[in-house]
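The values are calculated or read from the model by the stated rules, or taken from the named source; none is laboratory data. Just so we're clear, the structure is a prediction, and the values are computed from it rather than from any experiment. Ideal geometry is used to build each Cβ from the backbone, glycine not excepted, and the neighbour counts take in all protein chains shown. What goes into the accessible areas is simple: the full protein's heavy atoms, side chains included, and nothing from ligands, DNA or RNA. Shrake-Rupley method; radii C 1.70, N 1.55, O 1.52, S 1.80 Å.
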Amino acid sequence: MKIPVVALVGRPNVGKSTLFNKIVGKKISIIEDTPGVTRDRIYSDAVYKDIKFNIIDTGGIDASLEKFNDEIKIQAEIAIKEADVVIFIVDGKEGITANDLVVRDILRRSNKRIIVAINKIDNKQSNNYLYDFYELGFDTYIPISSEHGTGFIELMDEVTKDFTNKEEKEDNRLKISIIGRPNVGKSSLVNALLNEERVIVSDVAGTTRDAIDSVLTYNKEEFVIIDTAGMRKKGKVYENIEKYSLLRSMKAIDRSDICLLVINAEEGIIEHDKHIAGYVLEKGKGLILIVNKWDLVEKEKTTNDYLKLIRNEFQFLSYVPVIFTSALTKKKIHNIMPEVLKVSENIKREIKTSILNDIIGDAYLLNLPPSYKGKRLKIYYTSQTGIKPPKYTFFVNNKNLVHFSYERYLENKLRENIELEGTPIILQFKNRSE
């Protein structure tokens, strides 16, 4: 199922972040009465009248010469390219400005469906410039007030009128996404797995323009491989700032069952790798870390040394298997698919209730939870209530007595007794009265 994408664009301080937060239903974008506060794209899932879509907030496009404006313009253009619908937000109290015309010119080149949201229309006085915006030359104009909610329903009805969440024919093949920063060797890894030159490979970061699906046959079973990478424009590598590739990775993660997060062994681990891994965890997907280009690492560095570094940097992913490979020489590529099959079993693993309660009962007696104001957590019963990822529900006397350290202890005990390598797990606590 393809999830539609909506992008919010406009010059600084027209209310993009306020509208973003209203659409999402919670405060995600930073709101300050200061132009240029949102400098990076911010992404979220959203739902309107049971229609799901992704929404992107962008930094304000400013024609002035401040140093970060070129970067803001680039990431806004990326957001526009990803979008099915663009909401062009203008300030109804100020009328058309030179920056609005800059945004208009960018949008005209995009050939996307554009809706002009004339924001800050709070009273009759705000209508002074309303009809001036028709000079922008687009088809659809909707007066709104992001702050007060005026026109919000009309806007969202227009935005989502062509969106559907119709289920495509179900594809039961396991979907594996190859994710990571630009130029870590994702496309080379896909080619090594497929054993053919199906994806364009280059040593220039951002060569792959779109997510590409390939079919891999392994042990007479078909798997869908989703390759993701950066975007390039003639003469300009978009992903020169790493975070700009995040949306493409997020979309691939959403579609996949298992993610292979590729790390460049030469460059080591950076913050962006952690951001991508965190999103995989948030979405409950299986995960395998692939340390690629291992053939280029200095010989004195051992896999054990590097593994210690990974475990230290990714402390929240202690359950994730790590494979050291070279897509170029195909060294240890053969280790990837057996690990994928193992993680595939683990993300849908089901445990009998009796066994689960034995594990939790023993763990509880071995290490009683700390008491708080004379009260101690009691666990009456545990059951598995979901898969992909496995979800375990604990019925307790008072869920407010669950300390995060004790929750981590219970997770560790489950992992010690159940084969859960490569999969996140969810622990839910409910009062017995619920």
Only residues in the range 85-107 that are within 11 Å of V14 (Cα to Cα) and touching a residue at least 12 places away in the same chain (Cβ under 8 Å) count as the first member; pair them with residues that are open to solvent by 10 Å² or more (accessible area, probe 1.4 Å) and part of a strand (DSSP E or B), Cβ under 7 angstrom, at least 6 apart or cross-chain, and list the lot. F88/I114; G92/P143
Please enumerate the residues belonging to the range 417-432 that are free of Cβ contacts under 8 Å to residues at least 40 places away in the same chain and within 11 Å of P390 (Cα to Cα). I425, L427
Can you give me the ranges of the strands (runs of 3 or more DSSP E) entirely in the range 1-100 with at least 1 residues that are at pLDDT below 85? 42-48, 51-57
At pLDDT below 85 and not in a helix (DSSP H, G or I) - does that describe any residue in the range 253-266? yes
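A quick yes/no check of all residues on (1) among the β-branched types (V, I, T); (2) open to solvent by less than 10 Å² (accessible area, probe 1.4 Å); (3) in contact with a Leu (Cβ under 6 Å, 6 or more places away or on another chain); (4) farther than 23 Å from N346 by Cα:
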{"position": "L260", "(1), (2), (3), (4)": "no, yes, no, no"}
{"position": "E266", "(1), (2), (3), (4)": "no, no, yes, yes"}
{"position": "I269", "(1), (2), (3), (4)": "yes, no, no, yes"}
{"position": "H275", "(1), (2), (3), (4)": "no, no, no, yes"}
{"position": "V280", "(1), (2), (3), (4)": "yes, yes, yes, no"}
{"position": "K285", "(1), (2), (3), (4)": "no, no, no, no"}
{"position": "I288", "(1), (2), (3), (4)": "yes, yes, yes, no"}
{"position": "V291", "(1), (2), (3), (4)": "yes, yes, no, no"}
{"position": "D295", "(1), (2), (3), (4)": "no, no, no, yes"}
Can you name the residue in the range 108-132 that is hydrophobic (A, V, I, L, M, F, W, C) and at pLDDT 90 or above and is also farthest from the chain's Cα centre (by Cα) among such residues? I118
Filter the range 338-368 down to the residues that are without any contact (Cβ under 8 Å) to a residue 24 or more places away in the chain and of a type in the set (S, T, Y), then identify the one that is farthest from N219 (Cα to Cα). Y364
Which of the residues that make up the range 394-426 are surrounded by 16 or more Cβ atoms within 10 Å (Cβ to Cβ) and assigned to a strand (DSSP E or B)? F394, F395, V396
Every listed condition ((1) closer than 18 Å to S326 by Cα; (2) surrounded by 12 or more Cβ atoms within 10 Å (Cβ to Cβ); (3) over 25 Å from the mean Cα position of the chain (by Cα); (4) at pLDDT below 80) holds for L194 save (4)
Applying the selection to the range 297-326, what residues are outside any helix (DSSP H, G or I), surrounded by 14 or more Cβ atoms within 10 Å (Cβ to Cβ) and modelled with pLDDT of 85 or more? F314, Y319, V320, P321, V322, I323, F324, T325, S326
